[in-house]
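A.B. asks: Below you'll find the structure I mean.
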Amino acid sequence: RISSTALFAKKKVFIDGEAGTTGLQVRERLADREDLEIISPPSELRKDEETRKKYINEADAVILCLPDAASIEAVSFVEEGNDRTVLIDASTAYRVDDDWTYGFPELSSEQSKALSKSRRISNPGCYPTGFIALTRPLVDAGIIPVGTPLTCNAISGYSGGGKALMEIFEGDDHEPWGAYGYGLVSFRFLEK
């Protein structure tokens, strides 16, 4: 039985990576929520392993705004037996992992229900969200047959490269046509 105090208590949210581009945006969007308490370590300890473990296990929800390797490390910090903390990963580390729920509630009513019960949620990312949001209703309506091979040509900006890349492209000494982070063989989103 849950007490009324616990029922109406603010949920604690820890944004691991809150100093980065994505983390700052997430924090800004949650800042005015009266039902949430954003918990943050002192800035000098934000990368300290023990501090991160403490905050991850203290939080009701953790939003991982980190590169893939750091997200994988953060997930390993969840203590055994902690079935309370919900993890939402904004990286690509768990995006196609069967043990994580794909964070796209608009996909279907079943997907929305699965997300409401999940403790591990992967962020679908901008390209899959745009493509799936456009094509899934057409498949569901029978306009596009299931299994039809589809392609999507897309062009992106540079904000996904983080603060360092943004500083380059927003500065005066950059070429206006530069490309970053993609190679024909090593493109990290190929499996999607």
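A.B. asks: Express the C-alpha Rg of region 22-96 as a ratio against the empirical globular expectation 2.2 N^0.38 Å, rounded to two decimals. Could the numbers behind the result be given before it?
C.D. replies: Working: Rg = 12.3 Å, N = 75, 2.2 N^0.38 = 11.3 Å.
Scaled against compact globular proteins, the figure is 1.08.
A.B. asks: Name all residues of region 68-83 having a backbone nitrogen under 20 Å from the label point set 7 Å from the Cα of Glu49 along its Cα→Cβ direction, giving them as ranges.
C.D. replies: 68-82
A.B. asks: Using a 1.4 Å probe, what is the accessible area per residue for region 1-98, in Å²? Don't skip to the answer; put the middle values down first.
C.D. replies: On the way: 6020 Å² over 98 residues.
Per residue, region 1-98 has 61 Å² of solvent-accessible surface.
A.B. asks: Now for a different question. Let me have the relative contact order for region 1-134, percent, based on Cα pairs under 8 Å that are six or more residues apart. Mind dumping the intermediate values first?
C.D. replies: Numbers: 205 pairs, mean separation 26.1, N = 134.
In percent, rounded to a whole number, it is 19.
A.B. asks: Then there's this: With labels modelled as points extended 7 Å from the Cα through the Cβ direction, what inter-label distance (nm, one decimal) is found for Asp99 paired with Glu73?
C.D. replies: 1.9
A.B. asks: Quick one: P(r) of region 2-161 from all Cα-Cα pairs, 5 Å bins, percents rounded to integers, in order of increasing distance.
C.D. replies: 1, 8, 14, 19, 19, 15, 10, 7, 4, 2, 1
A.B. asks: With r as the distance between the Cβ atoms of Val139 and Asn57 and R0 = 30 Å, compute the FRET efficiency 1/(1 + (r/R0)^6) and round to 0.05.
C.D. replies: Details: r = 41 Å, r/R0 = 1.35.
Here the calculated transfer efficiency is 0.15.
A.B. asks: Out of region 62-170, which GluC sites (Glu not before Pro) are coil in DSSP terms and have no more than 11 other C-beta atoms within 10 Å?
C.D. replies: Details: sites: Glu73, Glu79, Glu80, Glu106, Glu110, Glu167, Glu170; in loops: Glu79, Glu80.
Listed in order of number, the matching sites are Glu79, Glu80.
A.B. asks: Next question. Taking 0.36 nm per residue of sequence separation and subtracting the Cα-Cα distance, how much length would be gained by fully extending the chain between Asp173 and Ala114, in nm to one decimal? Walk me through the intermediate numbers first.
C.D. replies: Values: separation 59, 0.36 × 59 = 21.24 nm, distance 4.74 nm.
In short, 16.5 nm is gained.
A.B. asks: Would region 88-168 count as rounded, prolate or oblate if I go by the C-alpha gyration tensor, calling it rounded below 1.5 in a/c and otherwise prolate when a/b exceeds b/c, oblate otherwise?
C.D. replies: Values: a/c = 2.65, a/b = 1.25, b/c = 2.12.
Oblate, because a/c is 1.5 or more while a/b does not exceed b/c.
A.B. asks: How much of the accessible area of region 37-95, probe 1.4 Å, is carbon plus sulfur, in whole percent? Could the numbers behind the result be given before it?
C.D. replies: On the way: 1500 of 2960 Å².
Roughly 51 percent, rounded to a whole number.
The values are calculated or read from the model by the stated rules, or taken from the named source; none is laboratory data. Predicted model only: the values in this text are computed from it and were never measured. Virtual Cβ from ideal backbone geometry, glycine too; neighbours counted across all protein chains shown. What goes into the accessible areas is simple: the full protein's heavy atoms, side chains included, and nothing from ligands, DNA or RNA. Shrake-Rupley method; radii C 1.70, N 1.55, O 1.52, S 1.80 Å.
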